[in-house]
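The values are calculated or read from the model by the stated rules, or taken from the named source; none is laboratory data. A quick note: this is a predicted structure, and the numbers were derived from the prediction, not measured. Reconstructed Cβ throughout: ideal geometry from the backbone, glycine too, with neighbour counts over all protein chains shown.
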Amino acid sequence: MAYKITLILGDGIGPEVIQAAKRCIEATGVKVVWEEVFAGQVAQDKYGEILPKNVLESIKKNKVALKGPIITPIGEGFRSVNVAIRQALDLYACVRPAKSYPGVKSPYKDIDLVIIRENSEDLYSGIEFEEGNPKTKELIVKIEELSLRKIRQDSGISIKPISKYASERIVRFAFEYAIKYRRKKVTVVHKANIMKFTDGLFLKTAAEVARDYSDKVIFEEAIVDNMAMQLVQKPQNYDILVLPNLYGDIISDLCAGLVGGLGVAPGANIGRDMAVFEAVHGAAPKYKGRNLVNPTAMILSGVLMLRYIKEDRAADNLESAVKEVLAEGKSVTYDLKPDRNDPTAVGTQEMADVIIEKVKD
Ligand code: NAD
């Protein structure tokens, strides 16, 4: 039986890396009927809407989607479609593995981390009050009255809600993930020494959940700034990290950097009964349509997708093929060559072709 999977090409380099990943997934022999839908700038140009209704409907129906990156203008214009999809479908767990692959340039070896980021609240909940707006002034008066603290009148305000409910489910997700993939340790990352009622709640809830798993998985906690330093000094000491939304975003990019950069960093957004798989990188508009960028992150996101639909053999085959091609270092894109101007670098689709040959071997 074929799987029906939603395919969102995305903006910028999205269509190229999605095309490469789609071909690699098909090469594993897993049968997929792709339902192609449009979101982002491309949907805006086509239908006058950045997130047409049929995108969410398709994901809700198929339960699984493979998604290319979508641009978000900074400061003004539309809010992030990526965040909107995660929120609308309650894809509360963002899973970003950071793994060393021989052949990928990095000062580190043997890193095998999984970053699990809470995806539904924190400073990403989009509750913001603009500087100068009458509602903001009203809010400042109210906060000063309730907190007995002063806020500068010319402030903008972003709200950081962290709930017990969302903290519990993300930490439980991290422990369940640890058990499923036979991992040993979960480290909860926070800034509870400063934000006692938000990060403090996240930490307290995590410690409570950890008790249910104390005989199977080690539980540790770390303050986010210290964690950033520890990751640079001794990344091999860590296994699974679970974090609130904002720290998760930052630390997962840091970890992508530890293992060779955005070109090799896959990701998944997982909810109760559906999931969207996408690379950590964005739409890199300056590379659009040039068949230059690295398809690895998107292909490895496809590997995560295959594991999610329980096609473990296909996932293992595809990951091994990617690993071999990276280790050989021959048929790889410019960013994976020691010299980025190396004329032997291949294009996005050509790298996918070599991976496909290995999958079929
Ligand atoms: P980006 O990840 O798009 O690109 C930054 C740089 O990283 C690129 O210039 C390139 O040098 C490198 N890079 C990225 N992907 C690569 C690949 N596959 N192979 C080789 N090199 C690669 O980040 P940005 O420039 O901050 O964002 C561009 C747009 O993408 C923005 O509009 C942003 O909002 C959006 N974005 C979307 C997502 C998403 O859809 N989930 C994630 C991040 C950024």
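Structural remarks
- Filter pass, residue 108 being under 28 Å from residue 187 (Cα atoms) and modelled with pLDDT under 95: yes
- Wholly enclosed strands (runs of 3 or more DSSP E) of the range 1-115 bearing at least 3 residues touching a residue at least 60 places away in the same chain (Cβ under 8 Å), under 21 Å from residue 265 (Cβ atoms) and within 15 Å of the ligand (Cβ to nearest atom): 64-67, 93-99
- Scope the range 272-293; condition modelled with pLDDT of 95 or more, surrounded by 19 or more Cβ atoms within 10 Å (Cβ to Cβ) and within 23 Å of residue 5 (Cα to Cα); matching residues: 274, 275, 276, 277, 278, 279, 283
- First in the range 156-168 and over 17 Å from residue 247 (Cα atoms), second anywhere and buried (at least 17 other Cβ atoms within 10 Å of the Cβ) and not β-branched (Val, Ile, Thr), Cβ under 7 Å, 6 or more apart: 156/129; 157/129; 164/201
- Hey, residue 68 of a type outside the set (S, T, N, Q), in contact with a helix residue (DSSP H, G or I) (Cβ under 6 Å, 6 or more places away or on another chain) and more than 28 Å from residue 310 (Cα to Cα) or not: no
- Looking across the range 294-310 at every residue that is crowded, with 20+ Cβ neighbours inside 10 Å and away from the ligand (no atom under 13 Å from the Cβ), the one that is farthest from residue 29 (Cα to Cα) is identified as 304.
- A count restricted to the range 77-107 and to residues that are under 17 Å from residue 337 (Cα atoms) and surrounded by fewer than 20 Cβ atoms within 10 Å (Cβ to Cβ) stands at 6.
- Positions within the range 254-290 being part of a loop (DSSP other than H, G, I, E, B), farther than 26 Å from residue 55 by Cα and more than 9 Å from the ligand (Cβ to nearest atom), in sequence order: 259, 260, 290
- Flag for residue 22 being at pLDDT 95 or above, in the same structural domain as residue 303 (by TED's automatic domain parsing), of a type outside the set (Val, Ile, Thr) and out of contact with any Pro (no Cβ under 6 Å at 6 or more places or on another chain): yes
- Filter result for residue 92 (more than 13 Å from residue 240 (Cβ to Cβ), modelled with pLDDT under 95 and hydroxyl-bearing (Ser, Thr, Tyr)): no
- Some residue of the range 343-356 being within 14 Å of the ligand (Cβ to nearest atom), under 30 Å from residue 159 (Cα atoms) and polar (S, T, N, Q): no
- Residue within the range 156-177 that is over 30 Å from residue 35 (Cβ atoms) and within 16 Å of the ligand (Cβ to nearest atom) present: no
- Odd one out for residue 183 among (1) farther than 29 Å from residue 111 by Cβ; (2) in contact (Cβ under 8 Å) with a residue 24 or more places away in the chain: (1)
- Qualifying residue in the range 131-140 (condition: part of a strand (DSSP E or B) and buried (at least 16 other Cβ atoms within 10 Å of the Cβ)): no
- Members of the range 201-235 that are in a loop (DSSP other than H, G, I, E, B) and surrounded by fewer than 20 Cβ atoms within 10 Å (Cβ to Cβ): 212, 213, 214, 215, 216, 234
- The range 333-351, residues that are in a helix (DSSP H, G or I) and within 25 Å of the chain's Cα centre (by Cα): 334, 335, 336, 348, 349, 351
- Checking each residue of the range 321-331 against the condition of being closer than 26 Å to residue 169 by Cβ, buried (at least 20 other Cβ atoms within 10 Å of the Cβ), within 14 Å of the ligand (Cβ to nearest atom) and under 21 Å from the mean Cα position of the chain (by Cα) gives no match.
- Boolean, residue 253 is among the acidic types (Asp, Glu) and buried (at least 17 other Cβ atoms within 10 Å of the Cβ): yes
- Yes/no for residue 330 being at pLDDT 95 or above and not in a helix (DSSP H, G or I): yes
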